[in-house]
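The values are calculated or read from the model by the stated rules, or taken from the named source; none is laboratory data. All of these numbers come straight from a predicted model, not from anything done at the bench. When we count neighbours, we look across all protein chains shown, and the Cβ atoms used for this are built from the backbone with ideal geometry, even at glycine.
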Amino acid sequence: MDQENPWKTLSSKKIYDNPWIGLTEHQVINPSGGKGIYGEIHFKNYAIGIIAIDEDDMIFLVGQYRFPLKQYTWELPEGGGPLDGEPLGSAKRELLEETGLVAKEWKEVLRMHLSNSVSDELGILYLAKDFEQFEAQPEETEQLEVKKMPFEDAYQMVINGKITDSLTVAGLMRVKLMREGF
């Protein structure tokens, strides 16, 4: 059901812009009539995640140090895809870059907004199967470790709070639900 926008924008000012994100500060009248500010982050790419599961029910995870968190994390192979491009093509590129895998079977399983109170970032998750192994081709900003483990072990890492990346949590939960018939 469509709802009318209860926010009124008085003015907007671009605060920051780079090839990946833009930050705009809006002077607003909020839904209850009060004046305020609202910061909005515009993402210039899709967030793409790949749930790569082989014939033995082993999933591929990628470990890396995440600068904003100041910690090492385990997550699905992930990356960005241009908003004017085909997301599946970006998923195929990211899977090859980060793991060296080329999948023959692809299925989109979820679209989600990653932090809709402050950003417009759209995440798209794909399930990938039936692989051929090649050499990984990480970007210069990536120092990656690839781990292959049973799907259930990765799922338990989500349940136990050891995996906190939003695309990874959502992707593993989605596959678990799909397997249970939801």
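Of everything in region 1-56 that is touching a Pro at 6+ places or on another chain (Cβ under 6 Å) and in a loop (DSSP other than H, G, I, E, B), the residue that is nearest to Glu108 (Cα to Cα) is Pro6.
If you go through region 142-173 and pick out every residue that is modelled with pLDDT under 95 and within 17 Å of the chain's Cα centre (by Cα), you end up with 2. Of the numbered criteria (1) modelled with pLDDT of 95 or more; (2) touching a Leu at 6+ places or on another chain (Cβ under 6 Å), the one Gln64 fails is (1). Which residue, of Glu94, Glu98, Glu108, Glu132, is among the acidic types (Asp, Glu), within 16 Å of the chain's Cα centre (by Cα) and part of a strand (DSSP E or B)? Matching residue, one of Glu94, Glu98, Glu108, Glu132: Glu108. A single entry from Ala128, Ala91 fulfils the requirement of being in contact with a Gly (Cβ under 8 Å, 6 or more places away or on another chain) and either within 18 Å of Leu172 (Cα to Cα) or touching a residue at least 12 places away in the same chain (Cβ under 8 Å) (or both): Ala91. In region 114-166, of all residues being surrounded by 12 or more Cβ atoms within 10 Å (Cβ to Cβ) and among the polar types (S, T, N, Q), the one that is farthest from His42 (Cα to Cα) corresponds to Gln156.
Considering (1) in a strand (DSSP E or B); (2) not assigned by TED's automatic domain parsing to the domain that holds Thr164, the lone condition that Gly80 does not fulfil carries the number (2). Looking across region 65-88, the residues that are among the hydrophobic types (A, V, I, L, M, F, W, C), touching a residue at least 12 places away in the same chain (Cβ under 8 Å) and surrounded by fewer than 21 Cβ atoms within 10 Å (Cβ to Cβ) come down to Trp74, Leu83, Leu88. Scanning region 111-129 for residues that are farther than 20 Å from Gln64 by Cα and assigned to a strand (DSSP E or B) gives Arg111, Met112, His113, Ser119, Leu122, Ile124, Tyr126, Leu127, Ala128, Lys129.
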